[in-house]
Amino acid sequence: MTSIGGAEMVDWNLAVATATRLVRPGPEVSRDEARAVVAELRRHAKASEEHVRGFTRMGTDDAHDTPVLVVDRPGWVRANVAGFREILKPLLDKMQERRSNTPGGAVLGAVGGKVTGVELGMLLSFLASRVLGQYETFAPATRELPAGGPPDSPSGGGRLLLVAPNIVHVERELDVQPHDFRLWVCLHEETHRTQFTAVPWLRDHLEGEIQSFLGETDVDPMTVLERIREAAQSLAGGRPEGEEDDGGRSLVEIVQTPGQREILGRLTAVMSLLEGHADFVMDGVGPAVVPSVAEIREKFQQRRAKGASRLDLALRKLLGLDAKLRQYRDGERFVRAVVEEVGMDGFNRVWTSPNTLPTKVEIAKPADWIARVHRKAES
């Protein structure tokens with residue numbers, strides 16, 4: 001990454017160190033219990049592949065395999081910092097260039113990069129205790145964290161992360177059967193892995209949309225840094241004295257030009273599809289292989305809806321996580337409605353090309369997607 005006087009826009013190493021230092025310890029387990037959890041999650045991830053591909057009728061022998069990594073909270077932090085650094089590089093280079101033309105830019109860079117690193121680390125420490133699993137689409141391979149895909153791929157080919165301490169924490173909190181809950185989580189995350197390995201164009205399409213969104217950004221670096229600082233201050237106990245609420249905008253919402261709003265609408269539709277499809281598959285496969293799936297789903301939905309505290313709700317709003325919860329609900333309703341109308345094979349036309357992806361309007365009105373993709377093709 002371009003730097004001025006050795007200073008980056010974000011001190012990534014400091015972000016990792018800060019998050020690792022601040023992240024809460026996981027639930028208490030013995031060494032033998034920890035080994036057993038890791039082994040069981042690996043088995044469930046392997047079994048989930050067959051369950052998901054059989055139910056969705058997706059899959060290809062030519063797909064590059066992607067690794068399944070069972071990680072702890074610091075491992076999740078390291079993986080995500082690597083992903084952020086890769087996908088945000090064009091935006092940060094642009095911001096760096098703008099700052100280089102500002103008087104005192106080098107000094108600001110030396111200080112600002114470390115401040116932002118600390119504050120980003122604070123946010124990651126908060127999130128690291130909440131994520132159960134994650135398919136990393138843009139995952140650069142490292143010695144500790146391998147990624148799948150062709151060797152010449154600069155961003156790797158993806159990897160599936162399962163955060164063992166968080167899974168154990170939630171299964172205890174919900175008081176559900178551990179074996180069933182672990183398989184249930186793996187079904188959701190394996191669906192994401194299947195989406196990207198079975199649909200070769202999906203990753204490049206999503207990356208192109210994200211880079212177009214970032215390319216449209218024309219915002220002063222201090223505005224973005226201030227929003228990160230605001231989120232970090234929420235973790236520390238609230239806004240500075242005398243500062244007024246601006247309506248609780250998320251980090252994404254502060255960088256929207258008209259062009260970005262259009263791109264964001266398409267991204268929202270795609271993410272709603274992917275998340276909703278994973279929930280639909282998880283519940284569709286569940287009854288056959290997860291005996292207590294109804295109890296797990298009910299308790300988990302209640303947990304999603306209420307959040308952990310007022311602080312948790314505020315941070316979810318600021319980071320845009322409340323939008324992610326809506327994506328699960330809206331996307332699942334879309335997938336269910338389409339499958340009920342045209343069957344699984346009919347739904348799978350959604351993966352034909354970027355042109356057959358649903359729009360944001362169609363996510364809310366599945367009949368419009370059916371009319372556009374099916375009836376137009378049949379006429």
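Quick check on GLU298: is it more than 22 Å from the chain's Cα centre (by Cα), among the charged types (D, E, K, R), open to solvent by 30 Å² or more (accessible area, probe 1.4 Å) and modelled with pLDDT under 90?
no
The conditions are (1) within 26 Å of HIS179 (Cβ to Cβ); (2) modelled with pLDDT under 90, and ASP312 fails exactly one of them. Which is it?
(1)
Would you be able to say whether some residue in the stretch 340-363 is open to solvent by less than 20 Å² (accessible area, probe 1.4 Å), farther than 19 Å from THR56 by Cβ and touching a residue at least 12 places away in the same chain (Cβ under 8 Å)?
yes
Looking at the stretch 125-149 only, could you name the residues that are open to solvent by less than 30 Å² (accessible area, probe 1.4 Å) and among the charged types (D, E, K, R)?
The one that is open to solvent by less than 30 Å² (accessible area, probe 1.4 Å) and among the charged types (D, E, K, R): GLU136.
With ARG57, ARG35, ARG43 as the choices, which residue is modelled with pLDDT under 95, open to solvent by 40 Å² or more (accessible area, probe 1.4 Å) and not acidic (Asp, Glu)?
Sole residue among the options that is modelled with pLDDT under 95, open to solvent by 40 Å² or more (accessible area, probe 1.4 Å) and not acidic (Asp, Glu): ARG57.
Restricting to the stretch 335-379, name every residue that is of a type in the set (Val, Ile, Thr) and in a helix (DSSP H, G or I).
The answer is VAL335, VAL338, VAL339, VAL342, VAL350, THR356, VAL361, ILE363, ILE370, VAL373.
Among the candidates GLY215, GLY284, GLY247, GLY208, single out the residue that is at pLDDT below 75 and open to solvent by 20 Å² or more (accessible area, probe 1.4 Å).
That would be GLY247, the only listed residue that is at pLDDT below 75 and open to solvent by 20 Å² or more (accessible area, probe 1.4 Å).
The values are calculated or read from the model by the stated rules, or taken from the named source; none is laboratory data. None of the values given here were measured: they were computed from a predicted structure. Note that we place each Cβ from the backbone using ideal geometry, even for glycine, and neighbour counts take in every protein chain shown. SASA here: full protein model, heavy atoms, side chains in, ligands and nucleic acids out. Shrake-Rupley method; radii C 1.70, N 1.55, O 1.52, S 1.80 Å.
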